[in-house]
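K.L.:
Structure in structure tokens, see below.
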Amino acid sequence: MPPPPPPLLLLAVLVAAAGPGCQSAQDPAATCVELPLGTCSDAAYNQTGFPTLLEHRSWDVVEASSEYILLSVLHHLLEGQCNPDLRLLGCAVLAPRCEGGRARRPCRRVCEGLREACQPAFDAIDMAWPYFLDCARYFAREEEGCYDPLEKLRGGLDTEDSVPSDLPSTFIHFDHHSYAQMVRVLRRTATRCAHIAKTYSIGRSFDGKDLLVIEFSGRPGQHELMEPEVKLIGNIHGNEVAGREMLIYLAQYLCSEYLLGNPRIQRLINTTRIHLLPSMNPDGYEVAAAEGAGYNGWTSGRQNAQNLDLNRNFPDLTSEYYRLAGVRGARSDHIPVPQHYWWGKVAPETKAVMKWTRTIPFVLSASLHGGDLVVSYPFDFSQHPQEEKMFSPTPDEKMFKLLARAYADVHPMMMDQSEHRCGGNFLRRGSVINGADWYSFTGGMSDFNYLHTNCFEITVELGCVKFPPKEALYTLWQHNKESLLNFVEMVHRGIKGMVMDKFGKPVKNARVVVKGIRHDVTTAPDGDYWRLLPPGSHIVIAQAPGYSRVIKKVTIPAHMRRAGRVDFILQPLGAEPKKFLHGLQRGGLGPPDPLEDYDQHGEFPGARRQPPADGGKPWWWSYLSSLSQHKPRWLLKY
């Protein structure tokens, strides 16, 4: 149903009002008052005006309006997507900024950019774009003196700090970092090392904080042919903060040591693309930090703002793996996300990381936690669901143990022989354990990485204190610095190469099979691949639909620290392409995956409920209708 035409009074004011500077013909006259609305309390201004752009003339009318009620619940309806951007944009219309007796209009470009990014989220729940966010109707152009209602949203995200002049440029401040401080340190580090580093956001938290990543590479911002990609993730549980700080320190260390000419760091960055996500759960961190070190409870701030445990929020692909493992010829890697997963509550942070792992061909990953001192590796879910503790190895058990040992064996406290220390109960295991053998759980990030992508991920528990005091951070860094570097260097173990056709054209999504290991990796769009393998002799097969397969035998020496180059040239089949194995194929069999349509703003078109087939109202209609006496028919598409 189309929105009602603008009132005649408003039209008259728009035509008549004119003034110098930012008070243009688009700024109607208004009486400026304080802004008391709770939903708009974090707006970048503190005075609004009546009448509003929607001709509301009192707070009672605004708060009772269906438009205001929609703003107060929209983040729940969209499951955190585009929040708080949409809310602040709506506030700029419902409670417009007032200066000098004029109601200022927000910028049209901001509205148009947000609509482009967020329209898929509305489509996913079969909701029309709100009429009061009509970019042409309630927003102004730059030359008309508009303002950006999202200007201060990032809380310092775009602000650069300089190091105090009395401190060396290599100085690392061993302290806890708030969200704004973390962002400034990462931005400043990327600026100092602009030729090898850059920052980018993979999405937003439920409360609207950017999930900020800093990457290091010889060519930051792009995938280089046959250069492996590594990611390190901290703070998936908001109250486990040591990993967050370790990655902030690591970013500064990599930058400084590269500039100082450290050959090890220069070699690592010039041959590896490293991505650091210090905080996957910045909203939970704020809850934990409010209590502070030494006062934080075991669970305060663990979950995100939706009260979801992010390390239980990923798709359970391990159960499907166990089912497929018993099916002869079925493929049990690159398992698609089941459709029923999207029917539940999926955090925007989870969606962002899922898309991230699909967008970039990661080879290796580590998730940094707190609460114990041990390195665990997949599977995290027991082969028998009723068993709370049961050794449940992946087909790559040997390689995962090598990866875990690479971290633990150079960590001084993990190698401490005292049984009374933190993590002493893992001493006989060498501070390394199979996840399900420790305790079993579903929905973990490490199992998802292994079963959905090419990426091998381990979990590192950094210590028994989840929120250590400031005084302990320097020691923690000294204990973990070498382990972090040694682990990242493990991405160069095994083999790498190109899969091409006879004309030298790359073959993407070709499968690289290792005989005896029932877990294949696939080639990236450029035809390059990486296969982490333990030392020894292996039979490696490359195959793709429409091509004959190629088999090679490779031997990896025990002390080889650089991946061996193994290329494959596939010949096309002369006749009709043979059936390409049974089972699941990425991009082939199976239902469509909503992740294919996900973008960096967190939108998953089609990821949630579809329009009712019987022509009835969408699922949210009865809920919104019950909240206001004015039914928001302008949200209906039909």
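K.L.:
Could you list, in sequence order, the residues of the stretch 311-327 that are in contact with a Phe, Trp or Tyr (Cβ under 9 Å, 6 or more places away or on another chain), open to solvent by less than 50 Å² (accessible area, probe 1.4 Å) and of a type outside the set (Ser, Thr, Tyr)?
P.N.:
Within the stretch 311-327, Asn311, Phe314, Pro315, Leu317 meet the criteria.
K.L.:
Looking only at residues in the stretch 51-73 that are among the aliphatic types (A, V, I, L, M), open to solvent by 10 Å² or more (accessible area, probe 1.4 Å) and touching a residue at least 12 places away in the same chain (Cβ under 8 Å), which one is farthest from Glu99 (Cα to Cα)?
P.N.:
Among those that are among the aliphatic types (A, V, I, L, M), open to solvent by 10 Å² or more (accessible area, probe 1.4 Å) and touching a residue at least 12 places away in the same chain (Cβ under 8 Å), it is Val73.
K.L.:
Being buried (at least 24 other Cβ atoms within 10 Å of the Cβ), at pLDDT 95 or above and not in a loop (DSSP other than H, G, I, E, B) is the requirement here; does Val499 meet it?
P.N.:
Yes.
K.L.:
Tell me, which strands (runs of 3 or more DSSP E) wholly within the stretch 526-566 include 3 or more residues that are open to solvent by 30 Å² or more (accessible area, probe 1.4 Å)?
P.N.:
550-556
K.L.:
Go through the residues of the stretch 227-242 one by one and say whether even a single one is charged (D, E, K, R), surrounded by 24 or more Cβ atoms within 10 Å (Cβ to Cβ) and within 30 Å of Thr523 (Cβ to Cβ).
P.N.:
Yes - at least one qualifying residue is present in the stretch 227-242.
K.L.:
Assess whether Gln266 counts as being farther than 16 Å from His369 by Cα and either of a type in the set (Val, Ile, Thr) or open to solvent by 20 Å² or more (accessible area, probe 1.4 Å) (or both).
P.N.:
Taking the combined requirement at face value, the residue satisfies it.
K.L.:
With (1) over 19 Å from Lys466 (Cα atoms); (2) among the hydrophobic types (A, V, I, L, M, F, W, C); (3) assigned to a loop (DSSP other than H, G, I, E, B); (4) at pLDDT 95 or above as the list, and Ile269 as the residue in question, which single condition is left unmet?
P.N.:
Tallying (1) over 19 Å from Lys466 (Cα atoms); (2) among the hydrophobic types (A, V, I, L, M, F, W, C); (3) assigned to a loop (DSSP other than H, G, I, E, B); (4) at pLDDT 95 or above, Ile269 fails exactly one: (3).
K.L.:
If you go through the stretch 417-435 one residue at a time, do you hit one that is hydrophobic (A, V, I, L, M, F, W, C), within 26 Å of His538 (Cβ to Cβ) and in contact with an Asp or Glu (Cβ under 7 Å, 6 or more places away or on another chain)?
P.N.:
no
K.L.:
In addition: Conditions: (1) more than 22 Å from Arg493 (Cα to Cα); (2) touching a helix residue (DSSP H, G or I) at 6+ places or on another chain (Cβ under 9 Å); (3) in a helix (DSSP H, G or I); (4) open to solvent by 10 Å² or more (accessible area, probe 1.4 Å). Thr191 meets all but one. Number of the miss?
P.N.:
(2)
K.L.:
Looking at Ala408 and the list (1) in contact with a helix residue (DSSP H, G or I) (Cβ under 9 Å, 6 or more places away or on another chain); (2) open to solvent by 20 Å² or more (accessible area, probe 1.4 Å), which single condition is not satisfied?
P.N.:
All conditions are met except number (2).
K.L.:
Any residue that is under 16 Å from Thr442 (Cβ atoms), over 24 Å from the mean Cα position of the chain (by Cα) and of a type outside the set (S, T, N, Q) - is there at least one of those in the stretch 349-366?
P.N.:
Within the stretch 349-366 (the criterion being under 16 Å from Thr442 (Cβ atoms), over 24 Å from the mean Cα position of the chain (by Cα) and of a type outside the set (S, T, N, Q)), the answer is no, since none of the residues qualifies.
K.L.:
So in the stretch 275-315, with the set limited to residues that are touching a Pro at 6+ places or on another chain (Cβ under 9 Å) and within 26 Å of Val213 (Cβ to Cβ), which one is modelled with the lowest pLDDT?
P.N.:
Across the stretch 275-315, the extreme among qualifying residues is Ala293.
K.L.:
Could we say that Val346 is among the β-branched types (Val, Ile, Thr), out of contact with any Leu (no Cβ under 7 Å at 6 or more places or on another chain) and open to solvent by 10 Å² or more (accessible area, probe 1.4 Å) here?
P.N.:
no
K.L.:
While we're here: Taking Gly583 as the residue in question, decide whether it is in a strand (DSSP E or B), under 30 Å from Val353 (Cα atoms) and either at pLDDT 95 or above or not polar (S, T, N, Q) (or both).
P.N.:
It is false that Gly583 is in a strand (DSSP E or B), under 30 Å from Val353 (Cα atoms) and either at pLDDT 95 or above or not polar (S, T, N, Q) (or both).
K.L.:
Could you list, in sequence order, all residues of the stretch 120-134 that are open to solvent by 10 Å² or more (accessible area, probe 1.4 Å) and either basic (Lys, Arg) or free of Cβ contacts under 8 Å to residues at least 60 places away in the same chain (or both)?
P.N.:
Trp129, the sole residue that qualifies.
K.L.:
Sticking with this one: What's the number of the condition Leu573 fails, among (1) over 26 Å from Gln222 (Cβ atoms); (2) of a type outside the set (Gly, Ala, Ser); (3) under 34 Å from the mean Cα position of the chain (by Cα)?
P.N.:
Of the numbered conditions (1) over 26 Å from Gln222 (Cβ atoms); (2) of a type outside the set (Gly, Ala, Ser); (3) under 34 Å from the mean Cα position of the chain (by Cα), the odd one out for Leu573 is (3).
K.L.:
Residues Ser376, Ser332, Ser392: which one is in contact with an Asp or Glu (Cβ under 9 Å, 6 or more places away or on another chain), farther than 17 Å from Lys231 by Cβ, at pLDDT below 95 and open to solvent by less than 10 Å² (accessible area, probe 1.4 Å)?
P.N.:
When all the criteria are applied, what remains is Ser332.
K.L.:
Being at pLDDT below 95, open to solvent by 10 Å² or more (accessible area, probe 1.4 Å) and touching a helix residue (DSSP H, G or I) at 6+ places or on another chain (Cβ under 6 Å): is that true of Glu387 here?
P.N.:
Criteria not met by Glu387.
K.L.:
Ok, one more. Looking only at the stretch 416-455, filter to residues that are of a type in the set (D, E, K, R) and farther than 30 Å from Gly344 by Cβ; which one of those is most open to solvent (accessible area, probe 1.4 Å)?
P.N.:
Checking each candidate, the answer is Arg428.
K.L.:
Tell me which helices (runs of 4 or more DSSP H) are completely within the stretch 38-128 and hold 3 or more residues being of a type in the set (Asp, Glu), or say none if there are none.
P.N.:
108-124
The values are calculated or read from the model by the stated rules, or taken from the named source; none is laboratory data. Since this is a predicted model, take the numbers as computed values, not measurements. Heads up, the Cβs are rebuilt from the backbone with ideal geometry, glycines too, and the neighbour counts pull from every protein chain shown. Keep in mind that these areas ignore ligands, DNA and RNA; they rest on the heavy atoms of the full protein, side chains included. Shrake-Rupley method; radii C 1.70, N 1.55, O 1.52, S 1.80 Å.
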